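Below is one structure, written out as structure tokens, with a few remarks after it.
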Amino acid sequence: MPPTDEEIRRALATARTIAIVGLSDKPERDSHTVGGYLQAQGYRIVPVNPKLTQVLGERAYPDLAAIPPEVRIDLVDIFRRSEEVPPVVEAAIRRGGVATVWMQLGVRNAAAARAARDAGLTVFEDLCTMAQHRRLKLPPLARER
């Protein structure tokens, strides 16, 4: 069953920090476009890419486990092939504090989604965070002072 607009709105409205797994430093890549958009909307982004040290002005980490525990991650946005999703979801569950796992357009993994839901996380599959944010006309996050 597809998520409701209210479920999507709640996930995006309550998130402040988004770990983007597979964020590329190449401007022509969808992950870079989405990451830049989310950053411009006031979200703190945490790039996760083992080949990079920095993306969009933010320090990149090789995997979710490498992100310091004091960095709160609310939403994990996954730009990986569907078969590569389970270890990312397992890491999100182990980390604790993650409320939402979001698989980007074309990314689905029923077993990983079930595991995340069983752990109490909200799960979206085959949806773009940027497209949904725009479609729902969500305002930018208020900047903390």
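Some notes on this structure:
- Residue-level check: of (1) loosely packed, with under 15 Cβ neighbours inside 10 Å; (2) at negative phi, GLY106 misses just (2).
- Exclusive hit being aliphatic (A, V, I, L, M), over 22 Å from ARG10 (Cα atoms) and either free of Cβ contacts under 8 Å to residues at least 24 places away in the same chain or surrounded by fewer than 16 Cβ atoms within 10 Å (Cβ to Cβ) (or both), set ALA66, ALA91, ALA131: ALA66
- Test: residue in the range 46-55 that is surrounded by 13 or more Cβ atoms within 10 Å (Cβ to Cβ) and basic (Lys, Arg): no
Results for (1) more than 18 Å from GLY120 (Cβ to Cβ); (2) in contact with a helix residue (DSSP H, G or I) (Cβ under 8 Å, 6 or more places away or on another chain); (3) touching a residue at least 60 places away in the same chain (Cβ under 8 Å); (4) of a type outside the set (Ser, Thr, Tyr), shown as yes or no for each residue.
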residue: GLY35; (1), (2), (3), (4): yes, no, no, yes
residue: VAL48; (1), (2), (3), (4): yes, yes, no, yes
residue: TYR61; (1), (2), (3), (4): yes, no, no, no
residue: TRP102; (1), (2), (3), (4): no, yes, yes, yes
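- Evaluation of GLU84 against (1) surrounded by 13 or more Cβ atoms within 10 Å (Cβ to Cβ); (2) under 18 Å from LEU38 (Cβ atoms); (3) of a type outside the set (A, V, I, L, M, F, W, C) (one fails), failing number: (2)
- Subset of the range 104-114 [of a type in the set (A, V, I, L, M) and in contact with a helix residue (DSSP H, G or I) (Cβ under 6 Å, 6 or more places away or on another chain)]: VAL107, ALA112
- Residues of the range 127-145 classified as part of a helix (DSSP H, G or I) and either in contact with a Lys or Arg (Cβ under 8 Å, 6 or more places away or on another chain) or over 20 Å from SER82 (Cβ atoms) (or both), total: 3
- Extreme residue, farthest from LEU64 (Cα to Cα), among residues of the range 1-33 that are among the polar types (S, T, N, Q) and touching a helix residue (DSSP H, G or I) at 6+ places or on another chain (Cβ under 8 Å): THR33
- Members of the range 115-126 found to be assigned to a loop (DSSP other than H, G, I, E, B) and in contact with a strand residue (DSSP E or B) (Cβ under 7 Å, 6 or more places away or on another chain), listed by number: LEU121, GLU125, ASP126
Since every read-out is calculated from the coordinates, none of them should be taken as a lab result. Just so it is clear, the model here is predicted, and its values are computed rather than measured. Glycine also receives a Cβ, built like all others from the backbone with ideal geometry; neighbour counts cover every protein chain displayed.
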